[in-house]
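This report refers to the structure that appears directly beneath it.
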Amino acid sequence: MSKKPFYITTPIYYPSGNPHIGHCYTTVACDSIARFKRMQGYDVMFLTGTDEHGLKIEQKAAEQGVSPKEYVDVIVEKFKSLWSYMNIDYDRYIRTTDDYHIETVQKIFKALYDKGYIYKGEYSGKYCTPCESFWTESQLDENGCCPECHRPVTFAKEEAYFFKISAFADRIEKLLLDTDYLRPKTRAIELVNNFIKPGLEDLCVSRTTFKWGVPVSFDEGHVVYVWIDALSNYISALGFMNEQYSDFDKYWPANTHMVAKDIMRFHAIIWPAILMALDIPLPKHLAVHGWITFNGEKMSKSLGNVVDPFVLGERYGCDAIRYHILREMALGADSSFSNEIMINRINSDLANGFGNLVSRTVAMADKYFGGTIPSDRQADALDEDFKNVVLGAVSAVEAAMEETKIKQALEEIFKAVDRANKYIDETEPWKLGKDDSQKARLASVLYNLLDGIRIMSALLSPFMPTTMPEVWKQIGAAEADVTYDKLSVFGVLPENVTVCKGAILFPRIDVEKEIEELNSIIQKNMEAAQANLSAEEKGEVPAEKIELAEEISIDDFAKVELRCAKILSAEKVKKSDKLLCLQLDDGMGGRQVVSGIAQYYSPDDLVGKKIQLVANLKPVKLRGVESCGMICASDTPDGVKVIFLDDSIPCGAKIR
Ligand code: MSP
């Protein structure tokens, strides 16, 4: 019987800088799912790759005096070597600079144009230069700035092609609300409310201001703008509209696209719309996870808080790192990476939990039976609960993996590991070993433990694929003993199985010493990152790039009334991640201002501080809350920074 196909993809990564542990999450998660599915007997296609076009790459290459292709070639190799280091077993690697992909993108663009879903128009609207993105009014943030980087946008006008995404709004709303396409479902409601209900606006899909992209085949001077190029990778890599591959019919629709929350919207709205317009089936699931943050802050190269996966892998082994990131991240939520949590997790689960279980069991088999378990056995009622818990883990893991809940799957396996360690405490093999009349009982206990480890290690193998074969060597399991069909029963290891003592699987880590060393590595990274930042990365805009708005007279300026005010209290606006409601002492009896700074400031950072208030702005309602004025702030690469005033300036004082 032919195997059932299973197709899973990661996003394609921007090769604009070295990969970090944040990039590893999706890839390690998809690799684990792919391995689990292969173990279950599926014919798996696991795709990853790099998204190599765009203005940023063009600019970075120019800074280094190399061509964009030369620039990306170097970084793509770094991604590939990281994947090999992390033991990522992908089936196909796509680069958007590959000829066959370019061919597909051009054909898709033309097909959509011929069907009338892409049309030529003129874009005049708000443009964010650093993000290379046009935004509609409704997409701008509360301060009228770019919704992605929160920097000011400028007015721009350009001839461009548009994709009629609005034609699919109803179908996409149904897809998000009535099916389980998007996981977790809570995010679907948020998308519908924020993007579909206010009205989907047609999407700008071509650019004329840079060259490093896929040319529009029928209109020289236009290049295909990011999302049609990037998203099409999922089907070009199967040979859709190209001759390079021929397994589109076999693997499409994809079973799972996995992405982080920042690119969810593109995969939940734009991608389905493109597929609907092409009249091809939609992927079955989009699994969305949060960000890995570092000590509570978003990982970022420019902050230097990036943990180098090669450094961590070298110290603790790649499986420990894989396990840690998978075990910490619940689907949908952010997960905070800290050296301390990582080391404690490795010590408790891997060194003391699973590693110790294997080494104790193997050592006892060696000590009491010279390594080979005798045939004479004696079962006990005590064995049943242990066996049931281990077998129960198999179905629980299967169910969790069906729903892309990797953290939960690992928790289920570790319930069995804990049960096994408890089984050792209950049966006290060291006492049985001292009593000759108990040899048969001891043989049963150790055999059960070894066979239980066989099942647990097979379940762990998709997540920690480097270490588990070593476990199989130690417990005397052959490859045929750890196939998926052998996991639902006990008694698979040979009756007289022989163990083989080996190296410690996960050495215990000296917490204090390691944390000190890792912190000093990170400190050095931070300093180096600061020293290496380009002026632009530091947020300094080169003089020639500063675009001043139209000149105004002093009378015009006098129309804006800036005054000093003190923040008396601040609280989050309900149902908004971004808005804080501030009560101010403005020297005029007080007022309320709503400001989009909740992601950057907590109330404690603000209360008691003096700020610059635009005092004569017309009141507006933001998320139903009245805002009388605006507080002044600046956009920096690290987010929005409020302009604080000297405490000696009285509330209500005019600023000129
Ligand atoms: N090129 C686009 C994706 C196109 S897919 C058709 C892109 N590339 S990216 O390199 O910027 O990011 C790729 C993925 O890595 C995104 O899902 C992004 O959120 C994820 N991550 C980058 N840093 C991360 C963390 N710190 N934590 C978790 N995921 C992170 O977007």
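The values are calculated or read from the model by the stated rules, or taken from the named source; none is laboratory data. On a predicted model such as this, the values are computed, not experimentally measured, just so you know. Glycine also receives a Cβ, built like all others from the backbone with ideal geometry; neighbour counts cover every protein chain displayed. Heads up: the accessible areas ignore ligands, DNA and RNA and are worked out on the full protein's heavy atoms, side chains in. Shrake-Rupley method; radii C 1.70, N 1.55, O 1.52, S 1.80 Å.
Taking (1) open to solvent by less than 10 Å² (accessible area, probe 1.4 Å); (2) within 16 Å of the ligand (Cβ to nearest atom) in turn, Gly213 satisfies each apart from (1). Name the single residue, out of those in region 378-415 being under 24 Å from Phe6 (Cα atoms) and polar (S, T, N, Q), that is surrounded by the most Cβ atoms within 10 Å (Cβ to Cβ). Only one residue tops the list, namely Thr404. In summary, Asp279 fulfils each of the numbered conditions (1) without any contact (Cβ under 8 Å) to a residue 40 or more places away in the chain; (2) within 15 Å of the ligand (Cβ to nearest atom); (3) not hydroxyl-bearing (Ser, Thr, Tyr) with the single exception of condition (2). Scanning region 284-302 for residues that are more than 19 Å from Met342 (Cα to Cα), away from the ligand (no atom under 11 Å from the Cβ) and either surrounded by fewer than 21 Cβ atoms within 10 Å (Cβ to Cβ) or modelled with pLDDT under 85 (or both) yields Lys284, His285, Ser302.
Taken over region 1-10, the criterion of being more than 8 Å from the ligand (Cβ to nearest atom) and within 13 Å of the chain's Cα centre (by Cα) is satisfied by Thr9 alone. Filtering region 194-210 to residues that are open to solvent by 40 Å² or more (accessible area, probe 1.4 Å) and either more than 16 Å from the ligand (Cβ to nearest atom) or over 28 Å from the mean Cα position of the chain (by Cα) (or both) leaves Asn194, Phe195, Lys197, Pro198, Glu201, Asp202, Thr208, Thr209. For the criterion of being surrounded by fewer than 17 Cβ atoms within 10 Å (Cβ to Cβ) and touching a residue at least 60 places away in the same chain (Cβ under 8 Å), Lys641 fails.
The single condition from (1) in contact with a helix residue (DSSP H, G or I) (Cβ under 6 Å, 6 or more places away or on another chain); (2) over 19 Å from Ile108 (Cα atoms); (3) of a type in the set (Gly, Ala, Ser); (4) within 16 Å of the ligand (Cβ to nearest atom) that Ser236 fails is (2).
Could you please let me know if Asp418 is farther than 26 Å from Met39 by Cα and open to solvent by 50 Å² or more (accessible area, probe 1.4 Å)? Spelling it out, it is not the case that Asp418 is farther than 26 Å from Met39 by Cα and open to solvent by 50 Å² or more (accessible area, probe 1.4 Å). Just a yes or no: is a residue in region 122-129 open to solvent by less than 20 Å² (accessible area, probe 1.4 Å), under 30 Å from Leu613 (Cα atoms) and of a type outside the set (Lys, Arg)? The answer is yes, given that some residue of region 122-129 is open to solvent by less than 20 Å² (accessible area, probe 1.4 Å), under 30 Å from Leu613 (Cα atoms) and of a type outside the set (Lys, Arg). Which is more than 21 Å from Leu176 (Cβ to Cβ), under 23 Å from the mean Cα position of the chain (by Cα) and part of a helix (DSSP H, G or I), of Asp229, Asp262? Going through Asp229, Asp262 in turn, just one is more than 21 Å from Leu176 (Cβ to Cβ), under 23 Å from the mean Cα position of the chain (by Cα) and part of a helix (DSSP H, G or I): Asp229. Among the criteria (1) more than 38 Å from the chain's Cα centre (by Cα); (2) open to solvent by 40 Å² or more (accessible area, probe 1.4 Å); (3) at pLDDT 90 or above, the one Met630 does not fulfil is (1).
Please tell me if Gln599 is surrounded by fewer than 22 Cβ atoms within 10 Å (Cβ to Cβ) and either outside any loop (DSSP other than H, G, I, E, B) or outside the structural domain of Leu645 (by TED's automatic domain parsing) (or both). No: the conditions fail for Gln599.
Within the span defined as region 4-27, one or more residues are open to solvent by 10 Å² or more (accessible area, probe 1.4 Å) and among the charged types (D, E, K, R). Residues that are within 11 Å of the ligand (Cβ to nearest atom), open to solvent by less than 50 Å² (accessible area, probe 1.4 Å) and without any contact (Cβ under 8 Å) to a residue 60 or more places away in the chain do not occur anywhere in region 85-97.
For region 11-47, the candidate set comprises residues that are more than 8 Å from the ligand (Cβ to nearest atom) and of a type in the set (A, V, I, L, M); within that set, the residue that is nearest to Ser232 (Cα to Cα) is Leu47. Checked against the criterion of being away from the ligand (no atom under 15 Å from the Cβ) and touching a Phe, Trp or Tyr at 6+ places or on another chain (Cβ under 7 Å), region 175-183 has at least one qualifying residue.
Among the residues of region 239-283, those that are of a type in the set (Val, Ile, Thr), under 24 Å from Leu326 (Cα atoms) and open to solvent by less than 20 Å² (accessible area, probe 1.4 Å) comprise Thr256, Val259.
Within region 561-595, the set of residues being of a type outside the set (D, E, K, R) and open to solvent by 60 Å² or more (accessible area, probe 1.4 Å) comprises Leu568, Gln583, Met588, Gly589.
Taken together, the criteria exclude Asp605 from residues that are part of a loop (DSSP other than H, G, I, E, B), open to solvent by 40 Å² or more (accessible area, probe 1.4 Å) and of a type in the set (D, E, K, R). Just to be sure before I move on: is Glu547 acidic (Asp, Glu), part of a loop (DSSP other than H, G, I, E, B) and closer than 30 Å to Pro198 by Cβ in the structure I sent? For Glu547, the condition - acidic (Asp, Glu), part of a loop (DSSP other than H, G, I, E, B) and closer than 30 Å to Pro198 by Cβ - is met.
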